[in-house]
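*Asks:* Mind having a look at this structure? Questions to follow.
The values are calculated or read from the model by the stated rules, or taken from the named source; none is laboratory data. These numbers were taken from a predicted model, which means no experiment stands behind them. So basically every Cβ, Gly included, is an ideal-geometry build from the backbone, and we count neighbours across all protein chains shown.
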Amino acid sequence: MRRRSEALAVALLRRGVGAERVCVVALDRGADPVVATLGVLRAGAAFLVVDVDLPDRRLAALARGADVVITSRTLAPRLAALGLPGPAVLIDEATAGTPAMKPPAGTPAMKPPAGTPAIELPAGTPAIELPAGVPPRSLAYVGHTSGSTGTPNAVLIEHRWLHPYLRGIVRDYRLGPDTVALQLAPPGFDAALRDTFAPLLAGGRLVVLPRSTLLRPAEFFAALAEHGVNTMLSVTPSFLSFLAAQDGAADWLRGLRLVATTGEPIRPFLAAGGRRLVPGRLVNQYGPTECTMTTTRFDVPERPDTTVDLIGVPIEGAAVRLLGTDLEPVPAGAVGELCIAGPGVGRGYAGRPALTAQRFVPDAAGPPGARLYRTGDLARLRPDGNLEYLGRRDRQIKIRGYRVDPGEVEGALLAHPAVTGAAITAATDAQARIHLVAHLTGDLGGVADAALRAYLAQTLPPHMIPRRFARLNRFPTTRTGKVDRLALAGSPAPLPDPEGTAR
């Protein structure tokens, strides 16, 4: 892995890639994305991982503005057709051999396995010196969140907190050479970085399963046993609930000594008795994409309080402030907006200075130049010192760990020629899983739900596609004339789907 990542770094440097340059990593699940992200960092550049299973237009929107694409020979034609920067760096070709390079002073010699063929380089190939380090404030990676304008927001995260954060994870979760961690988080989700880098930093083993295996319980449990998986660093409570509903789940999960949840409230899983299925350590993590993965964590006891959502205390190096609308601290025990301070706070949103100024604000309690990130989440501090999560202040909705801005889904629906009005609300099913409901007006008499889903699938990822569609003659409104979303959320049965089933 080290030889391949350094070979890729050399290939990138030869292309002029360096600090503040963004490399799109567009690869199928497996070892290659790990090699690619490490290679980008080794070159001193920044990576942007995209899920190649996304619709073309969504993938192109995520990769917009990048400097170079790292992909495979199979995927390269598709990416070129989307207008991504080219020619792409093909990972198999870039890492086929070990180029001439000068490692930093003090780098231990690497001995290839017995029988490794010698690499012959063309005469006159210049040596490339890999950077010995990167400035702390240089760009490390780009993440994305849902945007109300209909375009994803690109979040810029710097190097300064990435390594200390991962070292803290290794220490606090007691990871080591005997760690066998399962890579669960989807590509492009910042939790995938914790999944990937923390076990490797500890000298442990990383298991990456095909996407299809993750959705087939029997295959999934068999893979856990086959590989001896004992650690999950980024799993949503929804996925844990899915596993818990399978026959024999307790037996299959018995070998897990650490499970760390992320992305959504854990209370529904605990309320359903899920804690008993995790005999080892269960940690609930909280942290927005804008703040380097994790800000707080809560060690779930064997007999948890299932009436509240606890997100625990700040991790070492992070700070949390509960502020009112005037950005002044709220009284002890009062509800406030959860604001994050410390070196994990990101740089801001690419190309969105107004939004950056709105969400990343001066930290009056910090050193000169320090900033706070306003999460939009509400919380309060309990007497025992733990933070209690109370939901969103704005309209954003958490679906399977993803933050979804309803405005982005509404915009996609309004692009349909038969839709004249769209409003998105959230609903909860019998298993306490959150899903989206689309309330629509327009000439929809001949448009079936399946057709609407297929239309949205051209531009939106699966987690942003509503499960239900409600057809209305008109929207209820508030006294000020705005769409009454509370009334929509509790509205009676909608008009029927043309397929014949009320939705």
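*Asks:* Would you point out which residue out of A198, A244, A272 is among the aliphatic types (A, V, I, L, M), within 30 Å of I157 (Cα to Cα) and in contact (Cβ under 8 Å) with a residue 12 or more places away in the chain?
*Replies:* Residue meeting the stated conditions: A198.
*Asks:* Can you give me the number of residues within segment 324-336 that are in contact (Cβ under 8 Å) with a residue 24 or more places away in the chain, surrounded by fewer than 19 Cβ atoms within 10 Å (Cβ to Cβ) and not in a loop (DSSP other than H, G, I, E, B)?
*Replies:* Of the residues in segment 324-336, 0 are in contact (Cβ under 8 Å) with a residue 24 or more places away in the chain, surrounded by fewer than 19 Cβ atoms within 10 Å (Cβ to Cβ) and not in a loop (DSSP other than H, G, I, E, B).
*Asks:* A further question on this structure: Could you please find all residues in segment 435-467 being of a type in the set (D, E, K, R) and surrounded by 17 or more Cβ atoms within 10 Å (Cβ to Cβ)?
*Replies:* Hit for segment 435-467 is D449, nothing else.
*Asks:* Turning to a different aspect of this structure: Take segment 438-472 and flag every residue that is part of a loop (DSSP other than H, G, I, E, B) and among the small types (G, A, S).
*Replies:* Listed by number, the residues that qualify are G445, G446, A448, A457.
*Asks:* Any chance segment 10-17 includes a residue that's within 18 Å of P135 (Cα to Cα), of a type in the set (A, V, I, L, M, F, W, C) and surrounded by 24 or more Cβ atoms within 10 Å (Cβ to Cβ)?
*Replies:* no
*Asks:* Which members of segment 363-376 meet the condition of being without any contact (Cβ under 8 Å) to a residue 60 or more places away in the chain and within 29 Å of A426 (Cα to Cα)?
*Replies:* L372, R374, G376
*Asks:* So which of D92, D51 ends up being part of a loop (DSSP other than H, G, I, E, B) and charged (D, E, K, R)?
*Replies:* One residue alone meets the criteria, D51.
*Asks:* For the condition over 23 Å from D484 (Cα atoms) and modelled with pLDDT of 90 or more, what is the one hit in V437, V447?
*Replies:* When all the criteria are applied, what remains is V447.
*Asks:* Here's another thing I want to ask about it. Please determine whether any residue of segment 310-321 is over 23 Å from the mean Cα position of the chain (by Cα) and either assigned by TED's automatic domain parsing to the domain that holds Y373 or at negative phi (or both).
*Replies:* Yes, the conditions are met somewhere in segment 310-321.
*Asks:* I'd like to know if segment 262-270 contains one or more residues that are outside any loop (DSSP other than H, G, I, E, B), among the aliphatic types (A, V, I, L, M) and either surrounded by fewer than 19 Cβ atoms within 10 Å (Cβ to Cβ) or over 24 Å from the mean Cα position of the chain (by Cα) (or both).
*Replies:* No, segment 262-270 has no match at all.
*Asks:* Between V69, V35, V40, which is surrounded by 24 or more Cβ atoms within 10 Å (Cβ to Cβ) and either out of contact with any strand residue (DSSP E or B) (no Cβ under 8 Å at 6 or more places or on another chain) or part of a loop (DSSP other than H, G, I, E, B) (or both)?
*Replies:* Of V69, V35, V40, the one residue that is surrounded by 24 or more Cβ atoms within 10 Å (Cβ to Cβ) and either out of contact with any strand residue (DSSP E or B) (no Cβ under 8 Å at 6 or more places or on another chain) or part of a loop (DSSP other than H, G, I, E, B) (or both) is V35.
*Asks:* If T306 satisfies all but one of (1) farther than 17 Å from R392 by Cα; (2) touching a Lys or Arg at 6+ places or on another chain (Cβ under 9 Å); (3) at pLDDT 90 or above; (4) surrounded by fewer than 21 Cβ atoms within 10 Å (Cβ to Cβ), what's the number of the condition it fails?
*Replies:* The single condition T306 does not satisfy is (3).
*Asks:* Another question about this same structure. Of all residues in segment 54-66 being of a type in the set (A, V, I, L, M, F, W, C) and assigned to a helix (DSSP H, G or I), which is surrounded by the fewest Cβ atoms within 10 Å (Cβ to Cβ)?
*Replies:* Ranking the candidates gives A60 first.
*Asks:* Quick one: in segment 415-426, of everything that is out of contact with any helix residue (DSSP H, G or I) (no Cβ under 7 Å at 6 or more places or on another chain) and of a type outside the set (S, T, N, Q), which residue is modelled with the lowest pLDDT?
*Replies:* Restricting to residues being out of contact with any helix residue (DSSP H, G or I) (no Cβ under 7 Å at 6 or more places or on another chain) and of a type outside the set (S, T, N, Q), the top hit is G421.
*Asks:* Hey, among G83, G30, which residue is at pLDDT below 90, under 25 Å from L460 (Cα atoms) and surrounded by fewer than 22 Cβ atoms within 10 Å (Cβ to Cβ)?
*Replies:* Answer to the check: G83.
*Asks:* Would you please list the contacts, defined by Cβ atoms under 6 Å and residues six or more apart or on different chains, that run from a residue in segment 2-25 that is within 15 Å of D92 (Cα to Cα) to a residue that is among the polar types (S, T, N, Q) and not in a helix (DSSP H, G or I)?
*Replies:* Hits for this filter: R3/T98; R4/T95; A7/T95; A7/T98; L8/T95.
*Asks:* List pairs: first residue in segment 348-362 and over 10 Å from V155 (Cα atoms), second residue surrounded by 15 or more Cβ atoms within 10 Å (Cβ to Cβ) anywhere in the structure, Cβ distance under 6 angstrom, at least six positions apart or on different chains.
*Replies:* As it stands, the answer is L355/Y349; R359/R374; F360/G348; F360/R371; F360/Y373; V361/L372, since those pairs meet every condition given.
*Asks:* Could you look through segment 337-355, keep only residues that are aliphatic (A, V, I, L, M) and not in a helix (DSSP H, G or I), and pick out the one that is surrounded by the fewest Cβ atoms within 10 Å (Cβ to Cβ)?
*Replies:* Result: A350.
*Asks:* Any residue at all in segment 259-266 that is assigned by TED's automatic domain parsing to the domain that holds W161 and either without any contact (Cβ under 8 Å) to a residue 24 or more places away in the chain or farther than 22 Å from T145 by Cβ (or both)?
*Replies:* The answer is yes, given that some residue of segment 259-266 is assigned by TED's automatic domain parsing to the domain that holds W161 and either without any contact (Cβ under 8 Å) to a residue 24 or more places away in the chain or farther than 22 Å from T145 by Cβ (or both).
*Asks:* Which members of segment 46-61 meet the condition of being over 14 Å from I465 (Cβ atoms) and among the aliphatic types (A, V, I, L, M)?
*Replies:* A46, L48, V49, V50, V52, L59, A60, A61, listed by residue number.
*Asks:* Filter segment 120-143 for residues that are modelled with pLDDT of 90 or more and part of a strand (DSSP E or B); which is nearest to R347 (Cα to Cα)?
*Replies:* Here the residue is L139.
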